[in-house]
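See structure below.
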Amino acid sequence: METLATLSPAFDVSTLRSAFPILERKLNGKPLVYLDNAATSQKPQVVLDALLDYYSNFNANIHRGIHTLAEEATAAYESTRDTVKDFIGAARREEIIFTRGATEAINLVAFTWGRTHLGKGDEILISGMEHHSNIVPWQMICEEKKAVLKVIPVTDSGELDMDAFHKLLSARTKLVAVVHVSNSLGTVNPVKALIDAAHAVGALALIDGAQSTVHLDIDVTGMDCDFFAFSGHKVYGPTGVGVLYGKKSILDEMPPFMGGGEMIKEVTFGKTTYNELPYKYEAGTPNIADTVALRSALDFVTATSKKAIRAHENELLQYGTGLLEQVPGLRILGRAKEKASVLSFVIDGIHPQDVGVLLDNQGIAVRTGHHCTQPLMDRFGVPGTVRASFAMYNTKEEIDRLFAGVSKAVKMLL
Amino acid sequence: MSQIQTIREREQEIVEDFSLFDTWEEKYEYIIDLGKKLPPLEEQFKKEENIIKGCQSTVWLVAEYRDGRVYYQADSNAVIVKGIISMLIRVLSGQRPEDILEAPLDFIREIGMMNHLAQTRSNGLLAMIKQIKHYALAFKNPYESEKTL
C-alpha cells in the first residue's frame, strides 16, 4: 500500500496548519480542535488573500464592462472555471456552471431537466443515505410531474445494497441521483458501477459530490456521470459558490433555470433568446469574489497533493476508529470497506447532543444530530450521531484529544 | 398559608449553588445530576402533542393549572437538557401565570449558561421557555390565547 511518506515526502501537517489562521483560535480556553469539516472546511490564508485582493484591486461587474477592471474581474472569474474543469476532469469549460452550492446545483437539474423530461410514472432512483438536498428537490419535482421516487436501501454496514439497486432499475428509470461520499457515514459509493448501470437502462446519472470533491480524485469524464454537484466551502473555498457539472449535450437542450441578465442573447417583449453555455444558467450578477477565491482553494489542494491528503486523512480515520472503539458502549455507524474522513458514532445510553456539548467545552468542535439525513438515521434506529470529520490539517494529537474528550464525556454522563 | 418563594428567590438559590463551582466540569456535573434526578414523565404524557419542536433532543412539556398557579412537568432524552429543564421547573412551577410571563429568567445568564440560549444550538432551551410562557398565557387568559394557539 502507498504510504504518505512515499506519496509526498513534502506533506507536513504543521506547515499546512500554519496556512489556516483560524486553527490558532482557542475554544473555551483550549486550543481549537476542528472536527466538523464535513459541514464546512476552514480556509487557508491564500483564499482570504484572494477575497481581499479582489475587492481591493479589481472589483467590477463581469462580462459586460469594457473598462480594465471589468476585464480583469472577468478574467479572474473565468479562470476559476478553467481550474474547476481541470480539478474534476471535465472535457469542456462550458460544462462548468457556477451556483450557490451543491444544493442549488441539484435543484437546477431538478427544475430544468426534471421539468422537461419527467412524466407520469417515470422513476427517479436515489439512495437511503442521501442528504436532504438530494431528496427534497426530487420529491418536489416528482410531485409536480406525477413521477415516482424510489430508494436504494442501505445495508447494516452502511453500504448501498447493489442487488436491490439492480432490481430497482428498469426502463421507467429516468435518473439515478446518488451521493458519492455519505456525509453521515463516510461511505464511498461505487459510483462508476451505478452510472454504468443507469446508462444501460437509458437513464441519466447525477452524482452529489459535496463530500467527495475534497477527499477523492474526481474525474467526471472517466466516471461518465451526466451531472456532478459540489460546494466550494467544503473544499477549503468560500461559502456561497458551488458547481454544477453537466455534459454539454444535455445542458444545451435543457431550458434555463432562472431568467434575468447575463443569461440572455436578445430580449424583446415578444421573445427572448438565451445565451450559450455556461452563461445560460448564470442569470444575474454572480458571486464574483467567492468564485475568484475558489480558484485559490482548489490550487491550494492541488499543490498540497490530493493523493497525499487522502493518505493522511485515511491514517487519521484508521487511527481514530481504533481509538474510539476502545470507548465502552460506543458504536461506529458506517463500517463500509471504503470510507472517507467521517467517524460517526453513538454511545449506549447517551444522547449525541450531550456528548457534543461536553466536547465543545473541551475545545473540540464536532457535529451532532441527524446531519440532514433523517431517513438514514431512521434506518439505523438512532435519533442522530456524533460525527467527527477530518481534513488535511487535522493531526493524530487532535484525535487523541477527541478520544480523551469522548472518554471524559462518557464518564461525566453515565 | 405558607409563603411560596418568588421566582427571583428561587433563581437566587440556583445562582448561589453555581457560585460554588470553579470549573466547567463541576457546573456540568451538577446539571447532569439534576437531569438524572428529575422524575421521568409518565409514559401517558410522552405523546406527540407534548413534544417541543425545534430541539435536537426530544423534549416533552406538560402543564396543569390549579388554584391560580401553573405546575409544569417535563422530560428529555438528553440529560444536560433535562438538567436545564429541572432548573426551569424549580424556578417556574407553582407560580402565578402573570409572574411566569414577566420573568426575565436572568439566572440563566448569571450561571453562565447563556450560550445554551443561542438559537443555533438548537437544543431547544429557547423553544422550551417559549412553550412554558405560552402555557402561562393560556391559563391567564383562555380566550385571548385561543386566538393565538
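Coordinate-derived values only; no laboratory data. Worth saying up front: this structure is predicted, and the values here are computed from it rather than measured. For neighbour counting, all protein chains shown are included, and Cβ atoms are generated from backbone atoms with ideal geometry for every residue, glycine included.
What is the sum of charges around A:Ile195, taking Lys and Arg as +1, Asp and Glu as -1, for the other residues whose C-beta is under 15 Å from the C-beta of A:Ile195?
Once all neighbours under 15 Å are counted, the net charge is -2.
Shape of segment B:7-148 from its Cα gyration tensor (a ≥ b ≥ c, root eigenvalues): rounded if a/c is under 1.5, otherwise prolate when a/b > b/c, or oblate? Show your work: numbers first, answer last.
Working: a/c = 1.73, a/b = 1.37, b/c = 1.26.
Prolate shape, in that a/c is at least 1.5 and a/b is the bigger ratio.
Using +1 at the Cβ of each Lys and Arg and -1 at the Cβ of each Asp and Glu in segment A:48-302, identify which of A:Met162, A:Pro278, A:Thr112 lies farthest towards the dipole's positive end.
Of the listed residues, the answer is A:Thr112.
Putting +1 on Lys and Arg Cβ atoms and -1 on Asp and Glu Cβ atoms, find which of B:Val81, B:Leu34, B:Phe45 reaches farthest to the positive end of the dipole of chain B.
B:Phe45
Give the calculated FRET efficiency between A:Met258 and A:Lys192 to the nearest 0.05, with a Förster radius of 30 Å applied to their Cβ-Cβ distance. List each step's numbers first, then the result.
Values: r = 32 Å, r/R0 = 1.08.
Computed FRET efficiency for A:Met258 and A:Lys192: 0.40.
Distance between the C-alpha centers of segment A:225-261 and segment B:65-103? Whole Å please.
Segment A:225-261 and segment B:65-103 have Cα centres spaced 50 Å from each other.
Debye sum, Cα scatterers, segment A:173-262, no solvent: what log₁₀ I/I(0) at q = 0.12 1/Å?
Rounded to two decimals, the profile gives -0.40.
If each residue of separation counts as 0.36 nm, what is the full-extension length gain between A:Thr239 and A:Lys396 once their alpha-carbon separation is subtracted? Please list the in-between numbers first.
Details: separation 157, 0.36 × 157 = 56.52 nm, distance 2.77 nm.
Net length gain for the segment: 53.8 nm.
Would you work out the charge dipole size for chain A about its Cα centre, treating the Cβ of every Lys and Arg as +1 and the Cβ of every Asp and Glu as -1, and quote it to the nearest 20 debye?
Details: 41 positive and 48 negative charges, 124 e Å.
With Lys and Arg at +1 and Asp and Glu at -1, about 600 debye.
Do the sum for chain B: with -39,500 (n - 2.57) for every DSSP H run of n ≥ 4, divided by all residues, what is the mean residue ellipticity at 222 nm, to the nearest 500 deg cm²/dmol? Kindly include the intermediate steps, with their values, before the conclusion.
Values: 7 runs with 74 residues, N = 149.
Taking each H run of at least 4 residues, the total per residue is -15000 deg cm²/dmol.
Just how large is the dipole of chain B about the Cα centre, in debye to the nearest 20, putting +1 at every Lys and Arg Cβ and -1 at every Asp and Glu Cβ? Walk me through the numbers before you get to the answer.
On the way: 19 positive and 24 negative charges, 97 e Å.
Roughly 460 debye for chain B.
Looking only at other chains, what is the average number of their beta-carbon atoms within 10 angstrom of each beta-carbon in B:73-86?
On the way: counts 0, 0, 0, 3, 5, 11, 9, 9, 4, 2, 1, 0, 0, 0.
That average works out to 3.
Work out, step by step, the length gained on full extension between A:Thr68 and A:Asp299: first 0.36 nm times the residue separation, then minus their alpha carbon distance; give nm to one decimal.
On the way: separation 231, 0.36 × 231 = 83.16 nm, distance 2.51 nm.
The span from A:Thr68 to A:Asp299 would gain 80.6 nm if fully extended.
Does segment A:48-302 come out rounded, prolate or oblate, given a ≥ b ≥ c as the square roots of the eigenvalues of its C-alpha gyration tensor, rounded meaning a/c under 1.5 and, failing that, prolate meaning a/b above b/c?
Values: a/c = 2.37, a/b = 1.44, b/c = 1.64.
The shape class here is oblate.
Within segment A:48-302, count lysine pairs with alpha carbon atoms under 18 angstrom apart where the residues are 8 or more positions apart or belong to different chains.
Lysine pairs meeting the criterion: 20.
From the backbone phi of segment B:29-35, what are the Karplus-calculated ³J(HN,Hα) couplings (6.51 cos²θ - 1.76 cosθ + 1.60, θ = phi - 60°) in whole Hz, Gly and Pro given as x?
Result, rounded to whole Hz: 4, 5, 5, 4, 4, 4, x.
Charges on Cβ only, +1 for Lys and Arg, -1 for Asp and Glu, centred on the Cα centroid of the protein assembly as shown; of A:Val301, A:Gly246, A:Thr395, which one is farthest towards the dipole's positive end?
A:Gly246
Can you pull the one-decimal nm distance between simple spin-label points at A:Thr155 and A:Arg93, each 7 Å off the Cα toward Cβ?
Distance between label points: 4.4 nm.
Want the number for A:Lys26 to A:Leu414: 0.36 nm per residue separation, take away the alpha-carbon distance, what's left? Please list the in-between numbers first.
Numbers: separation 388, 0.36 × 388 = 139.68 nm, distance 2.78 nm.
Value of the extension gain: 136.9 nm.
When only Cα pairs under 8 Å and 6 or more residues apart are kept, what is the percent relative contact order across segment B:7-148?
On the way: 181 pairs, mean separation 38.9, N = 142.
It rounds to 27 percent for segment B:7-148.
Assuming R0 = 41 Å, what is the FRET efficiency of B:Gln44 and B:Leu101, from their Cβ-Cβ distance, to the nearest 0.05? Don't skip to the answer; put the middle values down first.
Working: r = 28 Å, r/R0 = 0.68.
Calculated value: 0.90.
Which shape class applies to segment A:123-229: rounded if a/c is under 1.5, otherwise prolate when a/b exceeds b/c and oblate if not, where a ≥ b ≥ c are the square roots of the Cα gyration tensor eigenvalues?
On the way: a/c = 1.37, a/b = 1.28, b/c = 1.07.
Rounded is the answer for segment A:123-229, as its axis ratio a/c remains below 1.5.
Build a GNM of chain A with springs between Cα atoms under 10 Å: which of A:Val179, A:Val46, A:Val241 gets the top mean-square fluctuation?
In the Gaussian network model the winner is A:Val46.
Just to verify a number: FRET efficiency for A:Lys167 and A:Glu143, C-beta to C-beta distance, R0 = 25 Å, to 0.05? Before the final figure, lay out each step's value.
Numbers: r = 25 Å, r/R0 = 0.99.
According to the calculation, E is roughly 0.50.
What is the mean number of Cβ atoms from other protein chains located within 10 Å of the Cβ atom of each residue in peptide A:350-360, rounded to a whole number?
Working: counts 3, 10, 3, 13, 13, 2, 5, 10, 5, 0, 3.
Counting other chains' Cβ atoms within 10 Å and averaging over A:350-360 gives 6.
GNM, chain B, Cα, under 10 Å: largest mean-square fluctuation among B:Tyr71, B:Tyr28, B:Tyr135?
B:Tyr28
Sum -39500 (n - 2.57) across every DSSP H segment of at least 4 residues in chain A, then divide by the residue count to get the 222 nm mean residue ellipticity, nearest 500.
On the way: 15 runs with 166 residues, N = 414.
The helix-only estimate for chain A comes to -12000 deg cm²/dmol at 222 nm.
In what order do A:Tyr393, A:Tyr236, A:Tyr279 fall by count of nearby beta-carbon atoms within 10 Å, going from fewest to most?
On the way: A:Tyr393 24, A:Tyr236 27, A:Tyr279 18.
The order, fewest Cβ neighbours first, is A:Tyr279, A:Tyr393, A:Tyr236.
Between A:Arg331 and A:Ser249, how many nm apart are label points set 7 Å from Cα along the C-beta direction?
So the two model labels end up 4.7 nm from each other.
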